[in-house]
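Shown next, in structure tokens, is the structure this report addresses.
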Amino acid sequence: MRSLATLDEVELGDHVCWRVNPAGAFADARSYVADGALYGDKLVVIGPLGTVTVQRDRLPTTSVILDLPDLADAEVMLAAVRREAAVAAREGFRSVRVLAEQPPLSEPGSVEVLLARELKLEEFASESGAIVVCAFRAAQWEASTLEQAACVHPQEMGIRAARPAFRMFSTGTDSWGVDGVVDSECAEAFNAAIRAAMRRTPMVKLRFDAVEMIDAAGMRALVDAARHLPDRRIVVEGANEIVRLCWDLAGYATADVPVVMAA
């Protein structure tokens, strides 16, 4: 979990939430593209090219632009990115360097769709060693939505906002680590992130090794997320003794709660 001063600091496997500052966006994007050429990475742009981040005539000829008709379809998007990563490997590139320009949400209830998409990109970056930078023009987004999006990016850069109290990051297929504090201020974001992770699998594993504290609102958000879809189950591993004790005292260690707090 770290903040970046510039995109020069990205490393293989990073998944960055970039809150775009229009004043310096051209320089940041050019640096990101130039470093890709320096290190032997193939650039993959997701979404239409905007004037804030990077211009088409600035891209290497080997770059690929995935202007998909439905960016909300995470499965189609991820399949396209994986194909390009496989092609890049055959062509001898070190990795792919993804730049995903995020258009503002327009449909009600689409925050969960956005988070599901971001979790898929996080899983892809973690397992493949790709670099994925998601560009958000902060002026076009609700601050609360941007905070929820930041929670599912292990790295962040750009316009400062209230730092998310927790982060979710991939630790394997359908397995997610949680870092920080899950309290009443971020319970809604935590619920949305867990629900997004559960959209495509009947069981999700959460690693709580780095969770410092989870309060009553956070525990309720976890249980509500597990109950949101039928026949879903969450297994929590690595929780400290205080978290497990609070869970028991709250009355959640029962068979009718689809969350198992493993010892």
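The values are calculated or read from the model by the stated rules, or taken from the named source; none is laboratory data. What you are looking at is a predicted structure, and each value in this text was computed from that prediction instead of being measured. Cβ atoms come from the backbone with ideal geometry, glycine included; neighbour counts cover every protein chain shown. Surface areas here come from the heavy atoms of the whole protein model, side chains and all, with no ligands, DNA or RNA. Shrake-Rupley method; radii C 1.70, N 1.55, O 1.52, S 1.80 Å.
Looking at the range 123-134, can you tell me whether even one residue there is under 11 Å from the mean Cα position of the chain (by Cα) and more than 18 Å from residue 64 (Cβ to Cβ)?
Among the residues of the range 123-134, at least one is under 11 Å from the mean Cα position of the chain (by Cα) and more than 18 Å from residue 64 (Cβ to Cβ), which makes the answer yes.
Would you pick out the residues in the range 129-145 that are in contact with a helix residue (DSSP H, G or I) (Cβ under 7 Å, 6 or more places away or on another chain) and open to solvent by 10 Å² or more (accessible area, probe 1.4 Å)?
Scanning the range 129-145 gives 138, 145.
This table checks each residue for (1) in a helix (DSSP H, G or I); (2) open to solvent by 10 Å² or more (accessible area, probe 1.4 Å); (3) free of Cβ contacts under 8 Å to residues at least 60 places away in the same chain.
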| position | (1), (2), (3) |
| --- | --- |
| 167 | no, no, no |
| 185 | no, yes, yes |
| 196 | yes, no, no |
| 207 | no, yes, yes |
| 210 | no, yes, yes |
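For residue 220, are the conditions met, namely being in contact with a Pro (Cβ under 8 Å, 6 or more places away or on another chain), basic (Lys, Arg), under 22 Å from residue 174 (Cα atoms) and surrounded by 14 or more Cβ atoms within 10 Å (Cβ to Cβ)?
So residue 220 does not fit the description; no.
Take the range 227-242 and flag every residue that is part of a helix (DSSP H, G or I) and either without any contact (Cβ under 8 Å) to a residue 12 or more places away in the chain or surrounded by 20 or more Cβ atoms within 10 Å (Cβ to Cβ) (or both).
Selection gives 241 alone.
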